[in-house]
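Some notes on the structure that comes next.
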Amino acid sequence: MIKPRLWPRAGDSPAVRARQIAREYREALAAIDPERCAVLDSAAEALGEGWVTPRPNTHTDGDYLSTKELAEVLGEKPGTVDQWWRRGHITKHDDGFLLDEVTRELQIWRASPQQTRRW
């Protein structure tokens, strides 16, 4: 029997939790049957659910990213990134977003007990 445990990031929404669980299942399938996984990845992409498929990160921590680029790296929609910025959860510089900075800010925000995850 598997011992139940608490979700590691208390502030994550049900949608974020579901996405993480789906990614775990996808990784397991890819290890067992890569061909079937590729077929399902293509189907998900065709339905506009590209977040399922891992994307190689070609950006370094010091690169400034546009809203669209950051959304792609994080597997989110550009509108979500804009909301995070407008609500003060992440920092945007004149040249764009710094990936390492945003990653830290999101970790802190998601871990905070008072965080009320409204999109």
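What follows draws every value from the coordinates through simple rules; no lab data is involved. Fair warning: this is a prediction, and the values are worked out from it, not measured in the lab. FYI the Cβ positions are ideal-geometry reconstructions off the backbone, even for glycines, and counts take in every protein chain you see.
List of remarks:
- Exposed loop sites here are trypsin sites (Lys or Arg not before Pro) assigned a DSSP state other than H, G, I, E or B and surrounded by at most 13 other beta carbons within 10 Å; excluding them, the longest clear run of the chain is 6-86.
- Relative contact order of the chain, pairs being alpha-carbon contacts under 8 Å that are 6 or more residues apart, as %: 30
- Estimated [θ] at 222 nm from DSSP helical runs (n ≥ 4, -39500 (n - 2.57)) normalised by residues in the chain, nearest 500: -16500 deg cm²/dmol
- Cβ-Cβ distance of ALA38 and ASP94, R₀ of 41 Å, FRET efficiency by 1/(1 + (r/R0)^6): the value works out to about 0.50.
- Extended-chain gain in nm, criterion 0.36 nm per residue less alpha-carbon gap, ALA28 and LEU47: 4.7 nm
- For region 33-50, 3J(HN,Hα) computed residue by residue from phi via the Karplus equation (6.51, -1.76, 1.60; θ = phi - 60°) reads 9, x, 5, 5, 4, 5, 5, 5, 4, 4, 5, 5, 4, 4, 8, x, 10, x Hz, glycine and proline entered as x.
- Extension gain (nm, one decimal) between ARG104 and TRP7, 0.36 nm per residue minus Cα-Cα: 33.0 nm
- Legend: calculated FRET efficiency, ILE21 to SER66, from the Cβ-Cβ distance at R0 = 25 Å, rounded to 0.05, equals 0.30.
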